[in-house]
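The values are calculated or read from the model by the stated rules, or taken from the named source; none is laboratory data. Keep in mind it's a predicted model, so treat the numbers as computed, not measured. Because the Cβ atoms are built from the backbone with ideal geometry, glycine has one as well, and the counts that use them run over all protein chains shown.
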Amino acid sequence: MAPEMGKKSPGSDVTGLNLTETELTLGLPGENRNSRSGNKRGFSETVDKIFGDDKSDEAKSPTAKKAQVVGWPPVRSLRKNIILMKSCKYVKVAVDGAPYLRKVDLEMYNSYQQLLGALEDLFSCFTIRDYLERKLMDSVSGSEYVPHVRGQRLVTGMLVGDVPWKMFVESCKRLRLMKSSEANGLEPRTPSKCSSTS
Amino acid sequence: MNYFPEEVLEHVFDFLKSHRDRNAVSLVCKSWYRVERFSRERVFIGNCYAINPDRLIERFPRLRSLTLKGKPHFADFNLVPHDWGGFVYPWIDAMAKRGVNLEELRLKRMVVSDEGLELLSRSFVNFKSLILVSCEGFTTDGLAAIASNCRFLRELDLQENEVEDHRGQWLSCFPDSCTSLVSLNFACLKGEVNLAALERLMARSCNLRSLKLNHAVPLDTLQKILAQAPQLVDLGTGSFVSDPDSETFRRLRTAIQKCASIKSLSGFLEVAPCCLPAIYPICLNLTTLNLSYAQGIHGSELIKLIRHCGKLQRLWILDCIGDKGLGVVASTCKELQELRVFPSDLHGDGHAAVTEEGLVAISAGCPKLHSLLYFCQQMTNAALITVAKNCPNFTRFRLCIINPTIPDPVTMQPLDEGFGAIVQSCKGLRRLSLSGLLTDQVFLYIGMYAEQLEMLSVAFAGDSDKGMLCVLNGCKKLKKLEIMDSPFGNLALLTDVGKYETMRSLWMSSCEVTLGGCKTLAKKMPRLNVEIINEGDQMEATPDDDRQKVEKMYLYRSLVGARRDAPDFVWTL
């Protein structure tokens, strides 16, 4: 991928075209161009979250920032690696109609709502947003995207929302957003909501 | 005292096993010194830079077993750059050249090279035991040399080292004639091992008592090994994953049931919870259980397991056991002496897996508890006071509240009173690690009451120099003091400079100490090595600006002056 070009490329002023939209940048289509490039956003946010460095947490006491120092908490690298490997619960997310997969860290969210909100951010392309909005608005009509989760052992199709959040996080291996009509092909227990397999 | 012939003295000294006793005895008079030094076979050196190999060999010509420690303790938490030092090669080289009959080498936090291991393996005909703890710098090639050349090797114990794995055949390098192995621990190796070679080695090692496998050894191999080694006392499993309905698993259960001697169990580097019941039959014999690497086991499963372990003396576990699980430990493990609860989550704000409740329950149920390492999200003064009352026998008390500078959540007070209660009640306390919100007051208590304290770890604590001064002043037996991110400066550092010659070492990082203060100290105390670790060339530009704060300082007493192997970023003042 070409490196990010300057905001004002020599050509843009002359022709009067707004070339920013078509600028080549690091990042996947649909990603906010102002977001940090090159970082695994999920992971660094996790780290920030641990140590309260989130922009939203600036109100916190300055001592919370101290925790970001090397050497704290006093856990050996060997153990830290194991812990971090475990507590970053990355799952691939595939959205029907989107040409790419993304990864989300399920550990970063506390509820299905938060997860859906994050997915909305991630897949902010025009087409996806459309479907997601429809999901949020028309939750009764049934014509919506339903998250579909596939787990390690493909036992049954379970509907997301039937399962308590924590259990979902532990068992979920892969996430797929698909149209509700497809989801009905798997265990249609409650026709409305979501589906998952574990 | 001169009326005893030296042989009698020597015979009496034979009964002295601890190096402290031997050190004390050697100070009595010249003749005792002489008898002691010629009869000492085991030497412990707590700081490899306090003395040099030549003087060691000079004084103790009958040296057979050497223990060396290198880097400061905070190196465990990435505070010390990799090439800081602690090289063992010069020691091996000197001993080889001077014909020391080395049989045992134990190293902690040292840099070990393949060349060193190769030299070791070739130089000492009777070499029997190699124990490496938290070391680095070597590869499996070095292990191959040890395996190939040490004909009478009894013990190869690798604990939590960083080993570069060349996926070689080091295990196959043990010759067929090698049947002397008593203890083999390679749990920290990351790579594959030749399973067939391992099985053959196990089959011919009929003296094997302790075996710790790495994650690459599957359950099937474990089953085969156990079937042939029912005499094992200490077992560390590798991967403990299998289909519970399989033949392999059935065979494993049978094999385990015959292992009536296993007292210590560890490993489970990869574990399926459904396989755990296989070990229930041996649980009631266990005195040591280490599940601290066993990720993915739910608290309820841990509880089921613990209920079988009535004789447990030492337990290392993850905090997902929860307060409830610790309650079960408290009611089941009445013989418990040592408990370590490790974090399964580094978030400071996650769900609280264990809290002060778990600790209080343990203290109430386990009267023999004397050693604790406890990671938690919160602690209260009230709980600590209760713990202090229940367990006055603590010798080691290390509490790590993951969120630093967090106060007692109930009273919003600092934890001074809680820790104060601990030091006041536990008169035999030798090691203490503090955490949470702490003022100078806690140091006042420590200085006043912690008479036997030898090692103190401080982070994010205190208000002023007074805190550190209380400790230096009051703790007469202090040997190691390590401080990070606390507001102690030159006044604290320089008030009692003589104190440091009575200690092994002092570490201060991210404190208020300046370059000028360190220089002053170094000038006053020539028998101290005052080292500044200057990463990122912070001080290169202005080496004469004495007002700049020193990021990392490590000082230690030494009989041999500044070390000559210090890298560029370490300045010995």
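So here's what we get for this one:
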{"item": "Odd one out for B:Tyr556 among (1) within 21 Å of B:Ser464 (Cα to Cα); (2) within 25 Å of the chain's Cα centre (by Cα)", "result": "(1)"}
{"item": "Odd one out for B:Arg109 among (1) away from chain A (no Cβ under 14 Å); (2) under 30 Å from B:Leu555 (Cβ atoms)", "result": "(1)"}
{"item": "Scope segment B:401-415; condition more than 14 Å from chain A (Cβ to nearest Cβ) and either within 15 Å of B:Ser433 (Cβ to Cβ) or in contact with a Cys (Cβ under 8 Å, 6 or more places away or on another chain) (or both); matching residues", "result": "B:Leu415"}
{"item": "Residues (surrounded by fewer than 14 Cβ atoms within 10 Å (Cβ to Cβ) and basic (Lys, Arg)) located in segment B:23-40", "result": "B:Lys30, B:Arg34"}
{"item": "Pair list, Cβ < 6 Å and 6+ apart or interchain, from segment A:63-83 residues that are on the phi < 0 side of the Ramachandran plot and within 7 Å of chain B (Cβ to nearest Cβ) to residues that are modelled with pLDDT under 85 and in a loop (DSSP other than H, G, I, E, B)", "result": "A:Ala67/A:Phe51; A:Ile83/B:Leu346"}
{"item": "Given (1) at pLDDT 95 or above; (2) under 30 Å from B:Leu456 (Cα atoms), index of the condition B:Ser123 fails", "result": "(2)"}
{"item": "Positions within segment B:82-97 being surrounded by fewer than 18 Cβ atoms within 10 Å (Cβ to Cβ) and touching a Lys or Arg at 6+ places or on another chain (Cβ under 9 Å), in sequence order", "result": "B:Ala96"}
{"item": "All positions within segment B:144-161 that are assigned to a strand (DSSP E or B) and more than 14 Å from chain A (Cβ to nearest Cβ)", "result": "B:Glu155, B:Leu156, B:Asp157"}
{"item": "Filtered residue count, segment B:112-143, keeping only those that are over 16 Å from B:Cys188 (Cβ atoms) and outside any helix (DSSP H, G or I)", "result": "7"}
{"item": "Single residue of segment B:300-322 satisfying the filter (touching a strand residue (DSSP E or B) at 6+ places or on another chain (Cβ under 9 Å) and assigned to a helix (DSSP H, G or I)) that is farthest from the other protein chains (Cβ to nearest Cβ)", "result": "B:Ile306"}
{"item": "Single condition B:Leu339 does not satisfy, out of (1) touching a residue at least 24 places away in the same chain (Cβ under 8 Å); (2) in a loop (DSSP other than H, G, I, E, B)", "result": "(2)"}
{"item": "Residue in segment B:330-347 that is aromatic (Phe, Trp, Tyr) and away from chain A (no Cβ under 14 Å) present", "result": "no"}
{"item": "Some residue of segment B:116-125 being surrounded by fewer than 19 Cβ atoms within 10 Å (Cβ to Cβ) and in contact with a Gly (Cβ under 6 Å, 6 or more places away or on another chain)", "result": "no"}
{"item": "Flag if B:Lys190 is within 17 Å of B:Leu66 (Cβ to Cβ) and either out of contact with any Phe, Trp or Tyr (no Cβ under 8 Å at 6 or more places or on another chain) or of a type in the set (D, E, K, R) (or both)", "result": "no"}
{"item": "From the options B:Ser261, B:Ser292, residue that is within 14 Å of chain A (Cβ to nearest Cβ) and part of a loop (DSSP other than H, G, I, E, B)", "result": "B:Ser292"}
{"item": "Any hit, segment B:470-486, residues being more than 14 Å from chain A (Cβ to nearest Cβ) and over 19 Å from B:Leu444 (Cβ atoms)", "result": "yes"}
{"item": "Selection from segment B:237-255 of residues that are among the β-branched types (Val, Ile, Thr) and either in a strand (DSSP E or B) or buried (at least 21 other Cβ atoms within 10 Å of the Cβ) (or both)", "result": "B:Thr237"}
{"item": "Segment B:171-188 - residue that is in a loop (DSSP other than H, G, I, E, B) and more than 20 Å from B:Leu226 (Cβ to Cβ) and, of those, nearest to the other protein chains (Cβ to nearest Cβ)", "result": "B:Cys188"}
{"item": "Hey, B:Phe443 among the aromatic types (Phe, Trp, Tyr), in contact with a helix residue (DSSP H, G or I) (Cβ under 8 Å, 6 or more places away or on another chain) and on the phi < 0 side of the Ramachandran plot or not", "result": "yes"}
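Let's see how each residue does on (1) among the basic types (Lys, Arg); (2) away from chain A (no Cβ under 14 Å); (3) surrounded by 21 or more Cβ atoms within 10 Å (Cβ to Cβ):
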{"residue": "B:Leu235", "(1), (2), (3)": "no, yes, yes"}
{"residue": "B:Gln257", "(1), (2), (3)": "no, yes, no"}
{"residue": "B:Gly267", "(1), (2), (3)": "no, no, yes"}
{"residue": "B:Cys283", "(1), (2), (3)": "no, yes, no"}
{"residue": "B:Thr287", "(1), (2), (3)": "no, yes, no"}
